[in-house]
Each structure stands twice: as structure tokens, then as C-alpha cells.
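Take a look at the structure below.
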Amino acid sequence: MMTLAGGLVATMAIPAYAFAPSAPGTDTAHGTTASTALTRAGAQSLTVADQASTVSVARDGFTATTPEEIAAAKAAAAAAAAAAAAEARRVAAAASMTTYASAYSGPSVSDFLANPSYPTFSLASVYNVGLQYQGVPYVYGGSTPAGFDCSGFVMYVYAQFGISLPHSSAGQGAAGTRISVADAQPGDLVIMDGHDGIYAGNGNILHAPYEGAAVRVQPIWTSSYYIVRLGI
């Protein structure tokens, strides 16, 4: 029994001795390689060509549109569109004037000035004559019942009383005496910036409004106006 026990102890001890580590520096099979040592040390090497010091750095070549150039382009496009619209209106007005000129054969402003229909002037009479032309279409440059623009309408009505006025809202405003709005009576002139008509009372105006509309009475839509009285 003792002999068997000793043999078993010896057999079990063999693996322990077989896997015992070698003394430091004597195990070449399991030692640290040179590359592993460098990796652990964090060491690196970098080779740079000699000509690298002569390389110059420059910005890439490109162009970009500035905000000012974008704004200028938009302004130019808007101006071109406005010019095209103005030209279209001019052509339409010319065509309208051709039709207008051939559609009317009655007395003109100059005919009335030479021989007034109403030799006696009164504001009430002016207003009542003006009312007769409600429904006449607006025609740019028009000054007869075939079509009126704003100052052409005023000019035509007042001509029937022998009063000569320029074909201009500003000129008509300068032709009379400016009075207070509180003193305005039907038949007076309502003068605005670039527009005028005949005062219709109670804050209303009788006028030729704009293209596509006709002579009508409507409330005055702005506070930027003044009253002018003619014949005094």
C-alpha cells in the first residue's frame, strides 16, 4: 500500500513540474518580441521626405456670389419686370386710345370752351352735369364720353361751363383756390397725389377711378387730399 501511494504522488507531481515557468530571461519561446515591446511603450517612428519643408499651402481656387451681388441681381430683375409691365400698359393704353378716338364723334373740350353749354356757373350745376357720365369707362388719356381718365373727366365737365383746365390733376389743383375740407361743396375739386375728381358731398368723390372701372361716386378712401374751388 505504501509503495502504491508513493507512486500516485509522484505521478500527480509530474504535471506541476512540467508547467513550472522558466527562470527570467531563459524562456525564449514565450518571451516578449521587439514589436510587442514597442507597442507597449507607445513608441512610433515617422519618416518625412526632405522636400516636405518646401511645400506651400494655398487656398483652393473658387468663387462665390456675395449677398450684395444677389441683392443687385434681384433689384435688376424687379426693374426689368416693372419696365415690361409698364410697356405692356403703354401698349394697352395706345390700343385703347385708338378705339376711344374712333368711337366718339360728339363735342370736345375745345368745342365746349368755344361755345359753353352752361354759360352760368354754379357748383351744384357742375356736380349734376358730372353725374350724367356715371358708367363711362376709364380710358388712360381719355377726355370725352367715350372714355375718361381722372383729370380728363374733370376737364370735360368744367369745359361745359367755359372753364379751361389742363389735362393734369396737379395742374387742376393749381388752377383754383384751396379751401378747407369743412367748407367743401359738391362740385368742388378733390385733389390727391396723382389723382382728382369732383366732390360729391358727405365725404364722397365723383371720379374716373382706374383702368377696368367706370365713372362713379364712392367714399374718399384717404385722408391725404385737399379741396380746391374753381370760379372764385
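Read the figures in this text as sums done on the coordinates, not as results from a lab. Just so we're clear, the structure is a prediction, and the values are computed from it rather than from any experiment. Glycine also receives a Cβ, built like all others from the backbone with ideal geometry; neighbour counts cover every protein chain displayed.
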Inset, instruction - Taking amide H positions as placed in the peptide plane 1.01 Å from N, state which residues far from ILE205 in sequence (5 or more) or on other chains have amide H under 5 Å from it. - result: ALA200, GLN218, ILE220
Inset, instruction - Quick one: which residues, 5+ away or cross-chain, put their amide H under 5 Å from the amide H of ILE179? H built at 1.01 Å from N. - result: ILE227, VAL228, ARG229
Inset, instruction - Could you give me the percent of Cα pairs per 5 Å distance bin for region 139-232, shortest bin first, beginning at zero and ending with the bin that holds the maximum distance? - result: 3, 15, 28, 28, 19, 7, 1
Legend entry - Estimated inter-spin distance, TRP221 and THR66, nm [label 7 Å along Cα→Cβ]: 4.2
Legend entry - Net lengthening on full extension, ALA78/ALA213 (0.36 nm per residue, minus Cα-Cα): 45.9 nm
Legend entry - Distant-in-sequence amide H partners of ASP188 (H built 1.01 Å from N, under 5 Å): TYR199
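Taking 25 °C and 0.890 mPa s as the conditions, I'd like the Stokes-Einstein D for region 179-232 in µm²/s, using the Kirkwood hydrodynamic radius from alpha carbon pairs.
218
How big is the dipole moment of region 109-229 about its Cα centre under a simple scheme where the beta carbon of each Lys and Arg is +1, that of each Asp and Glu is -1, and everything else is neutral? Debye, nearest 20, please.
Using only the charged Cβ atoms, the result is roughly 160 debye.
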